[in-house]
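What follows is a single structure, written as structure tokens, with notes after it.
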Amino acid sequence: MLRGYPGVSWVSVSTPPQNQGRPDDVTPVRTRPPLGVAVASFASSFDRFAVSPLLVFVALDLGVSLAQAVAVAGVYYLAYGFSQPIWGTLADRFGRVRLLRWALLGSAVAGLLSAFAPTLILLVAARAVTGVFFGGIIPTALTYIGDTVAASHRQSALSDLMAGIAVGTALATATAGLVGDLLSWRVMFALPPVIAVLCLLALRRLPEPARESGGGFVATLNTALRNRWVWTVVTLAFFEGAAVLGMLTFLAPALQAQGLDATAAGLTVAGYGVSTMLCSRLVRPLGQRLPITALMLIGGGAMTLGFALVAVHISVGTVIASALLLGAAWALLHTSLQAWATSVAPAARGTVVALFAAGLFAGSSVSTLAAGPLVAADAWTTLFAGAALLALLVTLGAVIVRRVYDRQER
């Protein structure tokens, strides 16, 4: 075992050309992500999901309208999502650990500037830069796992990472409004940068993994875009994002439309993060007994059932059940798709994972915008019935095309 890095063993391998000059001709083989990488992903998720609940407090404190304050979230989400392909290609060119360190450093600086921004314009600008840097952490972490964890352990390692991300989601959703009310929205914006600094210190001795060379920027991008299976997993990510992340946004508003206050509604939906964390513990034992298509089917079935419940009736009980089922779907279906994304084009792994993440967030954005008229009309049954149908189609599509892929790879 390598001292200071639990869960790492070293095996001898031939050194790829781009890694000549390394002190050893070995590469780390992990079974789980390093703590610093997992916590960095937690911080990225926490920062992203803390934005929306704070908009009312931002508007009141800075003396602007809520419509103007929405720009704080809008530019952040755009920067977070659309910067990811850039981070992916940079990670393939310069290395995973190096990019993680730069992303953490940039997140810390820009995040602290956000916390002390005196005007809305400066806050929007700082949040845009923060979104760019925090947006690079999770895809680079996923790529690092793809480089350092054998395929037989990769999905369980990804589920460990997803557990940390889910905790960030749950804590941000449950506490952002409360902290904003009792303390200040600035406190919530300052917490992730502090965590980023601690992660930066934890990663200072993390070795750079060996990786296959895909050539320069253009060559690496061409390698990814000319692979039809890359397009397949990115397309599946788009529709999964549309179903899970897009429609998850409306569970709390659906309860609020029934008269529940915002804090209680947010705490109810926070069950999603708790469920993801708990169900991620099942990925390792299930993955040893079941094929990946079975995990996709179980996770997709949970997603379909979760939306079907709230399509039939909206109450605290059905929303809690839906959030729990969606957490199970994220732990099983999403990590299956992620593990697939890390394997389809190893020479362009960083680029592929970043495209996968960009597709996921693009899908969530499109479905959120498309659902707007239904939300305005209080057509919750139609909205969630459509989400259930989309979830079913995503599940069947993922299982069918994965079986085709497995047959061709044999």
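The values are calculated or read from the model by the stated rules, or taken from the named source; none is laboratory data. For clarity, every value in this text was computed on a predicted model and none was experimentally measured. Here Cβ is always computed from backbone atoms with ideal geometry, including for glycine, and neighbour counts include all displayed protein chains.
Remark: pairs (first residue in region 313-335, outside any helix (DSSP H, G or I); second residue surrounded by 24 or more Cβ atoms within 10 Å (Cβ to Cβ) and modelled with pLDDT of 90 or more; Cβ separation under 9 Å; 6+ apart in sequence or on different chains) = 314/384.
Considering every residue within region 227-237, establish whether at least one is touching a Gly at 6+ places or on another chain (Cβ under 8 Å), more than 24 Å from residue 96 (Cα to Cα) and modelled with pLDDT of 90 or more.
Looking through region 227-237, at least one residue is touching a Gly at 6+ places or on another chain (Cβ under 8 Å), more than 24 Å from residue 96 (Cα to Cα) and modelled with pLDDT of 90 or more.
To keep it simple, each residue is scored yes or no on (1) within 25 Å of residue 293 (Cβ to Cβ); (2) more than 22 Å from the chain's Cα centre (by Cα).
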| residue | (1), (2) |
| --- | --- |
| 345 | yes, no |
| 356 | yes, no |
| 361 | no, no |
| 364 | yes, no |
| 384 | no, yes |
| 387 | yes, no |
| 398 | yes, no |
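Across region 178-192, the number of residues qualifying as buried (at least 23 other Cβ atoms within 10 Å of the Cβ) and either within 19 Å of residue 40 (Cβ to Cβ) or touching a Pro at 6+ places or on another chain (Cβ under 6 Å) (or both) comes to 3. Is at least one residue of region 366-384 modelled with pLDDT of 80 or more, of a type in the set (S, T, N, Q) and surrounded by fewer than 16 Cβ atoms within 10 Å (Cβ to Cβ)? Within region 366-384, one or more residues are modelled with pLDDT of 80 or more, of a type in the set (S, T, N, Q) and surrounded by fewer than 16 Cβ atoms within 10 Å (Cβ to Cβ). Looking across 104, 60, 99, one residue alone is at pLDDT 80 or above, under 16 Å from residue 133 (Cα atoms) and out of contact with any Phe, Trp or Tyr (no Cβ under 7 Å at 6 or more places or on another chain). It is 104.
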